[in-house]
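A quick write-up on the structure given underneath.
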Amino acid sequence: MNFELSKEQKDIKRAAREFAEGEIREVAKEYDRREEFPKDLWRKACELGFVGVYIKEEHGGADLGLLECCLITEEFWRVDPGCGCVLLSSFGAETLQNHGTKEQKEKYLPPIPAGEAIMGTAVTEPDAGSDIFGVRTTAFKDGEDYLINGSKIFITNGTIADYLAVFCLTDPDAKNRYGRYSMIMMETDRAGFEASKIKGKLGIRASDTAELSFSDVRVPAGNLIGGKEGNGFEQIMELFNMNRVVAASQGVGVGQGALDQTIAHVKKRQAFGSAIGKFQAVQFKLAEMATMVEAARVLTYQAAWLLDNGKTDPKLIAMAKWLSGETGVRVTDDALQLHGGYGYINEYDIERFYRDAKIVEIYEATKEMEKNTIARQLLGRF
């Protein structure tokens, strides 16, 4: 990989940084307090082309890569992780673009970058967690339609999405368990669907998270992504690989943002007659924090670049996601420690960053799942 970003990529990163500083910083604390998705901010981000940048030009997107998406995500999260989640308003469009029929792409993709629709993907279930083969939400044929029944939990954009890609069990008797599942597009205004907002989250409170229920939700058979049953497992694993890299860029962003705040703080904070930034112990801690962030950044960029060039490396993706999550948590913890008592009150942004960082170690597969993936790739069958 060429580790030097192109001029266009640097410009994209700079533009994302300017937008985040100019639009996100002033509203971040309020949306966190209200636990509310910032729709006005989302619309502005869409107007400037930051949402769904990987969507093809023919469907209204910028036709950029996953790396560019990660650059934007990093800069948004560097200023505020919660509001930075407006970029997840296209979550699942990757699957539609890669596997959807021509009609599905033309119907569902253009409204996303245009700021006319929000999308989500519904996979996790209350009794399944990280076990994708534990999914029990069903979608069985009834004439020319599917009837969807079941429940989902911790679904991003659950109460604000206009449509969802729902991971369903369509053939429970298939001999090959990988062929039992399918992905189906479902508009959220259909009868039998309910979404309940989950409140009281530790962090990223500006991101909408919900519990979903499906009771005989009737969906046309034409909404089956790709038009063929049994491809859901392949589709969702591909989406996970992409979004684990995006999550890794979130970890880089929250870590860098915490580091930025800490550098500014230790330069002005006085103790024992001197700025604490002059103390060797503080300097050593900053050096460790900066090194961790940079290592996570390089690993994340590499994983994204490989995917953009048609090379999927599950081990490297898992490494990027695990290290970036660990970095976000450790660096925000060190940052709060260096802020002392000031970091423990919400007048300082580091309090919010400390709460926000933990999610990167949990969603898109827990850190333990990432370590399992790495170990299996290292050991192979023996």
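Every number here is computed from the coordinates shown, using simple stated rules; none is lab data. Note that the structure is predicted; figures quoted are calculated from it, not measured. Virtual Cβ from ideal backbone geometry, glycine too; neighbours counted across all protein chains shown.
A few comments on the model shown:
- Residue 153 touching a residue at least 60 places away in the same chain (Cβ under 8 Å) and either closer than 23 Å to residue 195 by Cα or within 16 Å of the chain's Cα centre (by Cα) (or both): no
- In the range 79-95, the residues that are assigned to a helix (DSSP H, G or I), touching a strand residue (DSSP E or B) at 6+ places or on another chain (Cβ under 7 Å) and not hydroxyl-bearing (Ser, Thr, Tyr): 88, 93
- Test: residue in the range 315-335 that is surrounded by fewer than 24 Cβ atoms within 10 Å (Cβ to Cβ) and on the phi > 0 side of the Ramachandran plot: no
- Where residue 133 falls short, out of the listed (1) surrounded by fewer than 17 Cβ atoms within 10 Å (Cβ to Cβ); (2) not in a helix (DSSP H, G or I); (3) not hydroxyl-bearing (Ser, Thr, Tyr): (2)
Each row is one residue, and each column tells you yes or no for (1) under 30 Å from residue 355 (Cβ atoms); (2) among the charged types (D, E, K, R).
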position: 189; (1), (2): no, yes
position: 192; (1), (2): no, no
position: 198; (1), (2): yes, no
position: 201; (1), (2): yes, yes
position: 211; (1), (2): yes, yes
position: 215; (1), (2): no, no
position: 227; (1), (2): no, no
position: 230; (1), (2): no, no
position: 238; (1), (2): no, yes
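- Of residues in the range 43-78 being touching a Ser or Thr at 6+ places or on another chain (Cβ under 6 Å) and assigned to a helix (DSSP H, G or I), the one nearest to residue 307 (Cα to Cα): 70
- Residue 351 being touching a Phe, Trp or Tyr at 6+ places or on another chain (Cβ under 7 Å) and touching a residue at least 24 places away in the same chain (Cβ under 8 Å): no
- Matching residues, the range 101-114, being in contact (Cβ under 8 Å) with a residue 40 or more places away in the chain and either buried (at least 24 other Cβ atoms within 10 Å of the Cβ) or outside any loop (DSSP other than H, G, I, E, B) (or both): 103, 104, 105, 106, 108, 109, 112, 113
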